[in-house]
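Everything on this sheet refers to the single structure shown next.
The values are calculated or read from the model by the stated rules, or taken from the named source; none is laboratory data. Values in this document were obtained by computation on a predicted structure and should not be read as measured data. Backbone-built Cβ (ideal geometry, glycine too); neighbour counts: all protein chains shown. When the accessible area is computed, the model is the full protein with side chains, heavy atoms only, and any ligands, DNA or RNA have been set aside. Shrake-Rupley method; radii C 1.70, N 1.55, O 1.52, S 1.80 Å.
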Amino acid sequence: MKKFDKERVLLAVAGPVIALVAAILLTSVVLIASGKSPIEPYTLMLEQAGYSDVQVLIVNQASMYYVAALAVAIGFRMNLFNIGVDGQYRLAAMMTAVVGANIALPSFLQIPLLLLVGVLTGAFWAGIAGVLKVTRGVSEVVATIMLNAIATSLIGYLTLDNIWGVQVGNNNTTGIMKNAGWVPGIDLGADVGEIYGLVFLAIALGIGYWIVLNRTRFGFDLRATGESETAAAASGVDAKRMVLTAMLISGGIAGLSGLPLLLGDAHTYSLSFPTGLGFTGITIALLGRNNPVGIAFAALLIAFLDKASPALDYATPVAYEKEIATIMQGLIVFAVVISYEAVRQWGLRRQQKRVGAELAAAAQNTKKEVTV
């Protein structure tokens with residue numbers, strides 16, 4: 001049993017490590033081809049990680065990435081590809097900002113209300129794709145991609161001046177939210193910054209994700225349905241209900257992705273609100289292998305690349321393009337897919353050899369008993 005556990009851990013760690021090493025090597029090739037040092041950019045970015053203010057930025061960004069990746073991971077565990085996390089998160093953030101700007105309650109009621117609005121909005125938007133899949137067989141990939149585009153247009157419409165929008169210069173916003181909805185963080189000083197208060201919500205979601213998937217009947221049904229809908233149905237699981245439920249939960253968590261920033265810093269939704277969070281969540285979920293701890297490390301890594309890379313523009317005597325970090329992130333996606341398949345094949349071969357050896361040993365023992 002101990003040997004099996006070691007091998008399982010090895011298989012789990014090998015994929016991400018190979019992917020990261022491959023991404024670094026391929027990025028280094030790109031740097032060499034452009035006539036620049038393949039080592040200095042990494043050194044410069046690692047130096048940034050030693051600054052307290054950059055560390056705060058990394059933690060804050062990682063909290064948002066982590067929640068988005070959990071939303072994607074729930075779909076993956078169900079064999080669903082919720083590529084619409086980005087639209088779900090942006091629409092949820094916008095609706096939460098609108099409610100926060102127009103409703104004033106005591107803080108102990110206002111903050112739960114805003115969190116609930118985010119969850120319900122994200123779940124509703126993902127639920128559309130879920131309903132289409134279970135009733136009409138529409139691929140969730142196609143449905144969620146189209147819903148991303150619709151969400152973008154809907155947000156643009158709802159933030160017009162004559163609806164819920166508030167014009168601030170050339171920027172359309174939803175107006176500043178009431179102070180009761182601001183979530184206080186951990187203030188580390190003017191020179192360092194403030195850690196978002198909802199970082200702890202991200203941690204709680206990670207713990208809840210692990211407990212539900214690994215310690216509840218619902219989690220078992222969800223994983224079983226993801227492995228084989230036919231087998232799950234044979235054991236009494238309603239596969240269609242599980243598909244719809246998984247999409248609703250995934251969308252609900254996606255709706256919380258932007259709230260650390262919204263409630264902890266921005267306090268309004270505007271055209272400058274970050275996009276692409278959901279797509280980055282896909283990379284992080286893949287790199288973390290849908291494991292809450294693995295996703296946490298992957299979120300920190302991608303956040304580090306995001307927040308440390310701007311220093312490359314100011315390097316002397318030779319400046320490096322900060323897009324190097326973006327190239328690395330893209331290469332990580334390719335490397336993840338390839339390395340995971342290679343590790344899976346390697347694991348299967350080892351398992352086949354072990355089973356073959358056990359069968360051969362059993363046959364040998366049986367032959368000896370017959371001889372005796």
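For segment 249-300, a Kirkwood hydrodynamic radius built from all Cα pairs, placed in the Stokes-Einstein relation at 25 °C and 0.890 mPa s, yields a translational diffusion coefficient of 202 µm²/s. Estimated from the Cβ-Cβ distance and a Förster radius of 30 angstrom, the FRET efficiency linking Val166 and Asp313 is about 0.35.
Per-residue ellipticity at 222 nm from helix content only, as computed over the chain with -39500 (n - 2.57) for each DSSP H run of at least four residues, stands at -24000 deg cm²/dmol. When all alpha carbon pairs of segment 249-372 are counted in 10 Å bins from zero, the resulting P(r) reads 10, 25, 25, 15, 10, 8, 5, 2, 0 %. Put a dot 7 Å past the Cα of Thr326, heading toward its Cβ, do the same for Val138, and the two dots end up 3.1 nm apart. In this label model, Phe81 and Glu194 are separated by 4.1 nm, measuring between points 7 Å along each Cα→Cβ vector. Computing the accessible area with a 1.4 Å probe over protein heavy atoms, can you report the carbon and sulfur percentage for the chain? Accessible surface attributable to carbon and sulfur in the chain totals 66 percent. When only Cα pairs below 8 angstrom with a gap of at least 6 residues are kept, the chain shows a relative contact order of 32 percent. Once the Cα atoms are used to define both axes, helix 199-215 deviates from the longest principal axis of the chain by about 30 degrees. Over all other residues within a Cβ to Cβ distance under 14 Å of Ala19, the charged ones net out to +1, with Lys and Arg as +1 and Asp and Glu as -1. A dipole drawn for the chain from +1 and -1 charges on Cβ atoms has a positive end, and of Gly189, Val29, Leu158 the residue lying farthest that way is Val29. Close Lys pairs in the chain (alpha-carbon distance under 26 Å; sequence gap of 8 or more, or different chains): 9.
Its Cα gyration tensor gives the chain an equivalent ellipsoid, and the semi-axes of that ellipsoid, as √(5λ) in whole Å with the largest first, are 40, 30, 18. Computed with a 1.4 Å probe over protein heavy atoms only, the accessible surface of the chain comes to 51 Å² per residue. Scoring 27-36, 144-153 by mean Cβ neighbours within 10 Å over their residues and listing the highest first yields 144-153, 27-36. Between the beta carbons of Ile338 and Arg241, assuming R0 = 51 Å, the FRET efficiency works out to 0.90 to the nearest 0.05. Think of segment 233-372 as having a plus end and a minus end, set by charges on the Cβ of Lys, Arg, Asp and Glu; of His267, Gln364, Ile253, Gln364 sits farthest toward the positive end of this dipole. If you take every residue apart from Val318 with its C-beta less than 12 Å away from the C-beta of Val318, what net charge results, scoring Lys and Arg +1 and Asp and Glu -1? Charge balance in the 12 Å sphere: -2. Among residues other than Asp306 with Cβ under 13 Å from its Cβ, the summed charge is +1 (Lys and Arg +1, Asp and Glu -1). Length gained on full extension, Leu154 to Leu46, computed as 0.36 nm times the residue gap minus the Cα-Cα distance: 34.8 nm.
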